[in-house]
Amino acid sequence: MQNRILLVEDDEELRSLLSRYLGGQGFTVREAANGNDGLALAQDELADLVVLDIMLPDIGGLDVLRKLRARTRLPVILLTARGEETDRIVGFEVGADDYIPKPCNPRELVARIQATLRRVAWDREGQPDHGRRIGDLRIEPDQRRVYQNDRPVELTATEYEILRVLLSRAGSVVRKTDLMQWALGRRLTPHDRALDMHVSNLRRKLDPEGANRIETLRGLGYSYRSPE
């Protein structure tokens with residue numbers, strides 16, 4: 001089944017360009033030119049993901065996102081003006097799943113849509129009673145808890161988010177810039193060691209004997225591999 005994308009963008013030329021490109025990539029696209037129409041279509045549950053511009057002519061994209069989050073966990077990618085870091089931070093605080101600055105590369109937008117849909121699908125695969133198992137780990141997304149060999153692992157909220165992202169792409173490399181954005185909700189900046197610190201703490205909790213299931217690929221990012 002094709003994934004359904006709701007594109008909420010008031011710039012007619014950009015909306016048309018992105019809609020054509022997404023359609024050519026196999027998505028079913030519905031369009032809205034303002035926040036109220038976008039909100040109505042999103043609440044009709046006729047989309048699997050929303051691409052939402054922050055600057056809209058009637059109600060702002062962040063207000064649309066707030067209203068959506070009061071009713072649904074439908075994944076949302078924000079379109080933000082380049083350089084508007086405050087909007088991105090507030091967007092993550094309100095509940096955005098990702099963002100992409102404008103003018104955006106349609107190919108990058110498709111990649112971010114696919115990555116977001118993979119993460120959402122991974123979370124939904126776990127069953128409330130049994131969770132999702134990967135090797136010696138059991139993840140219960142509804143409870144946001146992790147068990148190793150059926151023993152609880154005490155993780156901070158940030159450590160849980162980092163692990164969730166890495167597990168959703170187990171065996172693949174997750175770029176540090178993406179992991180920082182998806183797990184910590186902010187952009188990676190030079191000399192920022194916060195992500196490295198959290199990964200180090202996560203390794204220590206999961207592998208006290210140094211099995212190093214979270215591999216560092218220098219200059220690229222991190223990759224999760226289940227221990228033998």
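Worth pointing out:
- Taking region 16-27 as the range and being of a type outside the set (A, V, I, L, M, F, W, C) and either surrounded by fewer than 15 Cβ atoms within 10 Å (Cβ to Cβ) or over 22 Å from the mean Cα position of the chain (by Cα) (or both) as the test, the residues that pass are S16, R20, G23, G24, G26.
- For region 202-215, the tally of residues that are surrounded by 15 or more Cβ atoms within 10 Å (Cβ to Cβ) and either of a type outside the set (A, V, I, L, M) or within 19 Å of the chain's Cα centre (by Cα) (or both) stands at 3.
- Filter pass, L74 being within 27 Å of R164 (Cα to Cα) and at pLDDT 95 or above: no
- Residue among R186, R119 that alone is within 21 Å of L78 (Cα to Cα), modelled with pLDDT under 75 and surrounded by 17 or more Cβ atoms within 10 Å (Cβ to Cβ): R119
- Of the numbered criteria (1) at pLDDT 90 or above; (2) assigned to a strand (DSSP E or B), the one R20 fails is (2).
- Qualifying residue in region 193-216 (condition: of a type in the set (A, V, I, L, M, F, W, C) and closer than 22 Å to I113 by Cβ): no
- Residues satisfying the stated conditions in region 21-76, i.e. of a type in the set (A, V, I, L, M) and free of Cβ contacts under 8 Å to residues at least 12 places away in the same chain: A40, A70
- Just one of the listed residues (R71, R88) is in contact with a helix residue (DSSP H, G or I) (Cβ under 9 Å, 6 or more places away or on another chain), farther than 24 Å from R107 by Cβ and basic (K, R), and it is R71.
The values are calculated or read from the model by the stated rules, or taken from the named source; none is laboratory data. Keep in mind that this is a model prediction, so the values were computed, not measured. Please note: Cβ atoms are built from the backbone with ideal geometry, for glycine as well, and neighbour counts cover all protein chains shown.
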